[in-house]
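The next block holds one structure in the form of structure tokens; read it before the comments.
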Amino acid sequence: MDNKLITVTSPLLPDLTEFNELLKDIWNRKWITNNGHYHKELEKELAAYLKVPYVSLFTNGTLPLLTALQALRITGEVITTPYSFVATTHSIWWNGCKPVFVDIDPATGNLDPDKIEAAITPKTTAIMPVHVYGKPCDTERIQEIADRYGLKVIYDAAHAFGVEVNGKSILTAGDMSTLSFHATKVYNTIEGGALVMHDEQTKKRIDYLKNFGFAGETEVVGPGINSKMDEMRAAYGLLNLRQVDAAIEARHQVAVKYREALRGVEGITFFDDMPGVKHNYSYFPIFIDAAKYGMTRDELYFKMKEQNVLGRRYFYPLISTFSTYRGLESANPANLPEAHKMADSVICLPMHHALSEEDIERTLNCIVER
Ligand code: T4K
């Protein structure tokens, strides 16, 4: 049997001939970065696709997090989830703020709104939740709490490209949302990302901040950074936007097959679609109950690896266990039991647009055959 490597994801690549045509055009224009033609086009097209008023492109999905906190002048303490990629908490740290970890809701993997209020102190200025795996947070309850205490809300929506709740983009929640267009994401520009905001004034301010703070040729209006997306990647992104719906549908079909085969396997659980939500199937996490399944998460993970099926343990270890953060009071495992449980039981199965029937079968066989 073919034993080719099956990776957790595979990038959505534009047609090379079409990309070449756009590259030729960029070569002719000789305008290769700094708010060029394709940059402007992509911001416009993304805003329309994502059903949001304003998008500002970035070079990756980490810098929009840093910049959003800067733009909103966040200080003191920021409430966040330990169950995410490290970039979420790092952005708080890089802004000189203190991350305060709050446990997750096991039903979604997202920040548990019931536990947020207890973590608020006079120093709290913002909440940074994550729509982990693209599953929407309880944005209404989070907003209620934020409004009551006068807090800003910045969503790390790195996983939530195109996700909608009752026909409305999840990116319209909170004060701002960030996206990652990394190669491993549903929609990619190789490296890339964006900030989504609700008004023109904020868009302007963000555009200044990602360009060293320049407002015009000689005026600098703030301590900006350089996070501009270049023309090659913007052009690549325009081409990928045309095929992202088909890619999401292909992922959906993989999810349907995984669920069909794994429902009823003792000791394995997974998330189902949420009512009213348009999902993007960015990840397919399964959770292993070792006592019921008869094998630990790591035993299964390494068994899959031996068979060249590379799942990933996103998000293990928890951010709160890394050396920079584990000394924080809120990082105490007793404060985060659900997050620890999820991190210790998760494997994200291979999930991308190009998985073949055989890839899916090989992945499932690793899990079902014990
Ligand atoms: N917030 C959240 C919630 C995030 O998840 C992330 C990033 C961010 C913020 C920050 O956004 P960025 O600054 O990264 O835009 C990956 C990604 O590097 C990272 O973007 C992502 N989250 C994180 C969850 O995963 P790795 O180290 O697991 O990726 P890597 O290189 O091991 O790749 C995984 C698999 O993908 C490989 O086994 C094969 C395949 N692959 C990967 C690449 C890079 C390809 O086939 N081709 C490729 O070019 O971090």
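The values are calculated or read from the model by the stated rules, or taken from the named source; none is laboratory data. These numbers were taken from a predicted model, which means no experiment stands behind them. When we count neighbours, we look across all protein chains shown, and the Cβ atoms used for this are built from the backbone with ideal geometry, even at glycine.
Values for this structure:
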{"item": "Residue check for His90: within 16 Å of the ligand (Cβ to nearest atom) and either under 27 Å from Asn166 (Cα atoms) or under 14 Å from the mean Cα position of the chain (by Cα) (or both)", "result": "no"}
{"item": "Complete set of residues in the stretch 142-168 that are farther than 18 Å from Lys185 by Cα and not in a helix (DSSP H, G or I)", "result": "Gly150, Leu151, Lys152, Val153, Ile154, Val165, Asn166, Gly167, Lys168"}
{"item": "Extreme residue, nearest to Asn226 (Cα to Cα), among residues of the stretch 26-40 that are surrounded by 12 or more Cβ atoms within 10 Å (Cβ to Cβ) and of a type in the set (A, V, I, L, M, F, W, C)", "result": "Ile32"}
{"item": "Lone qualifier among Tyr236, Tyr293, Tyr325, Tyr314 - being among the hydroxyl-bearing types (Ser, Thr, Tyr), at pLDDT 95 or above and within 20 Å of Ile6 (Cβ to Cβ)", "result": "Tyr314"}
{"item": "Residue satisfying condition, being more than 15 Å from the ligand (Cβ to nearest atom), part of a helix (DSSP H, G or I), of a type in the set (D, E, K, R) and buried (at least 18 other Cβ atoms within 10 Å of the Cβ), within set Glu18, Glu43", "result": "Glu43"}
{"item": "Odd one out for Ala160, checked against (1) near the ligand (Cβ under 10 Å from one of its atoms); (2) free of Cβ contacts under 8 Å to residues at least 24 places away in the same chain; (3) not polar (S, T, N, Q)", "result": "(2)"}
{"item": "Index of the failed condition, Tyr281 passing every other in (1) under 21 Å from the mean Cα position of the chain (by Cα); (2) over 21 Å from Val130 (Cβ atoms)", "result": "(2)"}
{"item": "Number of positions in the stretch 169-180 that are part of a strand (DSSP E or B), over 12 Å from the mean Cα position of the chain (by Cα) and small (Gly, Ala, Ser)", "result": "1"}
{"item": "Test: Thr62 is within 16 Å of the ligand (Cβ to nearest atom) and either more than 21 Å from the chain's Cα centre (by Cα) or at pLDDT 95 or above (or both)", "result": "yes"}
{"item": "Extreme residue, nearest to Asp138 (Cα to Cα), among residues of the stretch 69-81 that are more than 12 Å from the ligand (Cβ to nearest atom) and within 18 Å of the chain's Cα centre (by Cα)", "result": "Ile79"}
{"item": "Lone qualifier among Leu69, Leu23, Leu65, Leu50 - being crowded, with 16+ Cβ neighbours inside 10 Å and either farther than 29 Å from Glu338 by Cα or among the hydroxyl-bearing types (Ser, Thr, Tyr) (or both)", "result": "Leu50"}
{"item": "Candidate set: the stretch 287-334, residues that are among the hydrophobic types (A, V, I, L, M, F, W, C) and within 16 Å of the ligand (Cβ to nearest atom); chosen: the one surrounded by the fewest Cβ atoms within 10 Å (Cβ to Cβ)", "result": "Phe302"}
{"item": "Which numbered condition Gly193 fails, given (1) closer than 30 Å to Tyr281 by Cβ; (2) free of Cβ contacts under 8 Å to residues at least 24 places away in the same chain", "result": "(2)"}
{"item": "Top-ranked residue of the stretch 94-118 - restricted to ones that are out of contact with any Ser or Thr (no Cβ under 7 Å at 6 or more places or on another chain) and outside any loop (DSSP other than H, G, I, E, B), ranked as surrounded by the most Cβ atoms within 10 Å (Cβ to Cβ)", "result": "Pro113"}
{"item": "Identity of the residue in the stretch 107-156, closer than 21 Å to Pro275 by Cβ and among the aliphatic types (A, V, I, L, M), that ends up farthest from the ligand (Cβ to nearest atom)", "result": "Ala107"}
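To keep it simple, each residue is scored yes or no on (1) free of Cβ contacts under 8 Å to residues at least 12 places away in the same chain; (2) in a loop (DSSP other than H, G, I, E, B); (3) in contact with a helix residue (DSSP H, G or I) (Cβ under 9 Å, 6 or more places away or on another chain); (4) more than 30 Å from Phe284 (Cα to Cα).
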| residue | (1), (2), (3), (4) |
| --- | --- |
| Thr9 | no, yes, no, no |
| Leu12 | no, yes, yes, no |
| Trp31 | no, yes, yes, yes |
| Ala48 | yes, no, no, no |
| Val55 | no, no, yes, no |
| Leu65 | no, no, yes, no |
